[in-house]
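Taking it in order: structure first as structure tokens, then the write-up.
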């Protein structure tokens, strides 16, 4: 079964985007009912950790199908680029014009952050795991720095001999050997290491372990798909219940494998193992939410910045009404982005890939 047909994974992707959106909009609830937004959605930023796990899983299945060698690597990277870059740059451009446009270049920090957004590079030695101004214009992009880095490394390693071994050795070196030998320390904390170089802090940051955990689930996929479905459904329900209770009590609500990551690891693994039973019962709206999840993740912050700054002028006050309007408008714009930006580029790559496949008699 192809990864994009795993309805459980698609639904989890949509729920992850929704949780991040609610997290960023929760201040509207707090302004009307103090503390209620934090109580309901203070955990929502952890949806990023679920995104990373899913990426590791999906990329593992995609890389397995890639033809070894330079051509396979280029095709893999092209597919990943068409998946994330068109929507990203179009929405970044819109954000730029709605957030001050050319006035951005009057401020060195804003200019530096904008340039880093264009080239997917960390700019600060501190503020891990972000390494940029995550509260500034398009601060949400910090996660895409990790995504693109992971894609590039996996894509390039498709071109080398013994790619599985080489991949494990690369990440073993960057995440374990370099910290132990170079810094005489090792941590799973997403704050990472202080090396004095932003890029080195970035490539050694333990947030990358979430991708590795997703890769591990991808390698286990053939086994997970054969396990007893009823047992996996029970484990999935237990995983969700445990996560709800722990989050409700303010536990494990941070980023990283040893915080929310291990909980989402259990949820993703048991959801995949439950696919043959729960897949057909997953509501269609969750699948559609999964379709638009990337665009939703990119677009929703505009409701707090560029578009959101104009709400007051049309009579939309901060509070419950702005929360609901922001959610609805984000979902509508995300669907439009998916329908008219993401989907056409993905279809174009799919058609071209099929045309490039060798014909068999």
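Note on region 130-143: among residues that are in contact (Cβ under 8 Å) with a residue 24 or more places away in the chain and in contact with a helix residue (DSSP H, G or I) (Cβ under 7 Å, 6 or more places away or on another chain), the one that is nearest to residue 195 (Cα to Cα) is 131.
Of all residues assigned to region 104-124, none qualifies as being farther than 29 Å from residue 190 by Cβ and surrounded by 16 or more Cβ atoms within 10 Å (Cβ to Cβ). Annotation note: of 297, 264, the sole residue that is under 19 Å from residue 341 (Cβ atoms), surrounded by 22 or more Cβ atoms within 10 Å (Cβ to Cβ), touching a helix residue (DSSP H, G or I) at 6+ places or on another chain (Cβ under 7 Å) and touching a residue at least 24 places away in the same chain (Cβ under 8 Å) is 297. Just one of the listed residues (130, 76) is crowded, with 20+ Cβ neighbours inside 10 Å and part of a loop (DSSP other than H, G, I, E, B), namely 130. Scanning region 94-103 for residues that are surrounded by fewer than 17 Cβ atoms within 10 Å (Cβ to Cβ) and in contact with a helix residue (DSSP H, G or I) (Cβ under 7 Å, 6 or more places away or on another chain) returns a single hit, 98.
Taking the criterion of being more than 20 Å from residue 300 (Cα to Cα) and surrounded by fewer than 21 Cβ atoms within 10 Å (Cβ to Cβ), the residues of region 133-156 that qualify are 148, 149, 152, 153, 156.
The condition of being out of contact with any strand residue (DSSP E or B) (no Cβ under 7 Å at 6 or more places or on another chain), modelled with pLDDT under 90 and assigned to a helix (DSSP H, G or I) does not hold for residue 145. Considering 210, 223, 200, 227, the condition of being on the phi < 0 side of the Ramachandran plot, modelled with pLDDT of 95 or more and surrounded by fewer than 15 Cβ atoms within 10 Å (Cβ to Cβ) is satisfied by 223 alone. The helices (runs of 4 or more DSSP H) falling completely within region 247-340 that include 3 or more residues that are closer than 30 Å to residue 34 by Cα map to 293-299, 320-337. The residues of region 1-41 that are under 18 Å from residue 267 (Cα atoms) and assigned to a loop (DSSP other than H, G, I, E, B) amount to a single one, 6.
Being surrounded by 17 or more Cβ atoms within 10 Å (Cβ to Cβ) and either touching a helix residue (DSSP H, G or I) at 6+ places or on another chain (Cβ under 6 Å) or part of a helix (DSSP H, G or I) (or both) is the requirement here; does residue 46 meet it? Here the answer is yes, as residue 46 does meet what is asked. Among residues of region 205-232 being touching a residue at least 40 places away in the same chain (Cβ under 8 Å) and part of a loop (DSSP other than H, G, I, E, B), the one that is nearest to the chain's Cα centre (by Cα) is 207.
The values are calculated or read from the model by the stated rules, or taken from the named source; none is laboratory data. These numbers come from a predicted model, not from an experiment. Heads up, the Cβs are rebuilt from the backbone with ideal geometry, glycines too, and the neighbour counts pull from every protein chain shown.
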